Amino acid sequence: MLESGVGLLAASSLDGAALVLGGIALLFIGGEFLVKASIALATRFQLGPVTIGLTVVAAATSLPELVVSLIAQQTGSTDLVIGNILGSNIFNIAAVLGIGSLIIPLPSSPMIRRFQLPVLLAATLLLPGFLFLQVETGATEEIPRWLGAVLLVSLVIILRQTLSWSRRKSEREVATQIEKEIGEQPPYQSLAPTLLLLVIGSAGLWYGGTLLVDGALVIVAALGVEEGVIGLTIVAAGTGAPELFATIASLRHGVAGLALGNIVGSNLFNLLAIFGSAALISPIPFPLEEWHINLAIHAVATLAMLVLISGRINHRVLGVFFCLGYVFYLIYLSAST
């Protein structure tokens, strides 16, 4: 009887792992298509590399997190939503930025140093601050619908300011680098193939997100692992694959500004667009006692990025620091389960 139970457990785990791997593959392919289409659109409208990374590419590579979180929210798996967003942001900073920094230095533009990173830190601190206030006042610990709407409106304002900044001469001067550094020619000359690629990429992200959530829930049921931990690790790494791909691809083509813009912009999208959209579906229960350590790690990682990217630390030292930090984070998660 025991052997039969173990066999069923193993079979369920393998089924879940197959779904997760299939989901990650579709997310990776869909993210690749969307990144290429986004670069083509940005080239067409003559945006600079940093602006492309902060807006078009960041939105495209954040779609997996959005899809997974909305599906999980609709199924009532709120821990998976929270774990996915926090885990993806930590993955972006520690793993993606770490690996990117090991390859070449990631230059920080004035727009990132003076505007985007401070705004990202403020958004990062807003959530634990709001939850702490709820604890102190005895209110229910959750992200209500009205706060979700505020987060989405805030994102629109930030994007508008980013595009306004991009109209400055320095950004216009580097806009022509895209055709030279991403490739000899723009990925697509006409709009129709680009829009088709966007549709294909979106479909890949949607079905990949569905498979990933289904597989994660199967693993949760089979192994008894908490949904939050699955969200912080497997799902976060899976949905972070497009950011990792976009970073490596941009570094390979010499557009380092796009890589850093993608990381910062993706984290902003995750916090504001995804938490905001999920909260509009239904309020997100967010017990501070259960999530305070991961919230603290998330805030420390964001602060470290703000301080270290603006400094003069050797890029390989920076890469080792972030990568080791992510390894220790995974060890902590393993020890806490």
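Worth a mention:
- Pair list, Cβ < 6 Å and 6+ apart or interchain, from the range 38-52 residues that are over 14 Å from Ala249 (Cβ atoms) to residues that are not in a helix (DSSP H, G or I): Thr43/Pro186; Gln46/Ala175; Gly48/Ala175; Val50/Ser109
One line per residue, one yes/no per condition, for (1) over 17 Å from the mean Cα position of the chain (by Cα); (2) surrounded by fewer than 17 Cβ atoms within 10 Å (Cβ to Cβ):
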site	(1), (2)
Val220	yes, no
Thr233	no, no
Leu258	no, no
Ala278	no, no
Glu290	yes, yes
Ile297	no, no
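- Residues that are more than 17 Å from the chain's Cα centre (by Cα), modelled with pLDDT of 90 or more and over 30 Å from Gly48 (Cα atoms) number at least 1 in the following helices (runs of 4 or more DSSP H) confined to the range 97-166: 117-137, 145-166.
- Only listed residue being at pLDDT below 80, under 14 Å from the mean Cα position of the chain (by Cα) and not acidic (Asp, Glu), chosen from Gly87, Gly53: Gly53
- Counting the residues of the range 237-255 that are farther than 25 Å from Asn84 by Cβ and either at pLDDT 80 or above or among the hydrophobic types (A, V, I, L, M, F, W, C) (or both) gives 2.
- Residue pairs whose Cβ atoms lie under 7 Å apart, separated by 6 or more positions or on different chains, with the first residue in the range 311-337 and of a type in the set (Val, Ile, Thr) and the second surrounded by 13 or more Cβ atoms within 10 Å (Cβ to Cβ) and part of a loop (DSSP other than H, G, I, E, B), are Thr337/Val225; Thr337/Glu226.
- For the range 294-329, a residue qualifies if it is farther than 24 Å from Ile104 by Cβ and touching a Ser or Thr at 6+ places or on another chain (Cβ under 7 Å), and the qualifying residues are His298, Ala299.
- Wholly enclosed helices (runs of 4 or more DSSP H) of the range 212-295 bearing at least 3 residues touching a residue at least 12 places away in the same chain (Cβ under 8 Å) and not hydrophobic (A, V, I, L, M, F, W, C): 241-252, 256-269
The values are calculated or read from the model by the stated rules, or taken from the named source; none is laboratory data. Source: prediction; values computed, not measured. Methodologically, a virtual Cβ is constructed for each residue, glycine included, from the backbone with ideal geometry; neighbour enumeration extends over all protein chains shown.
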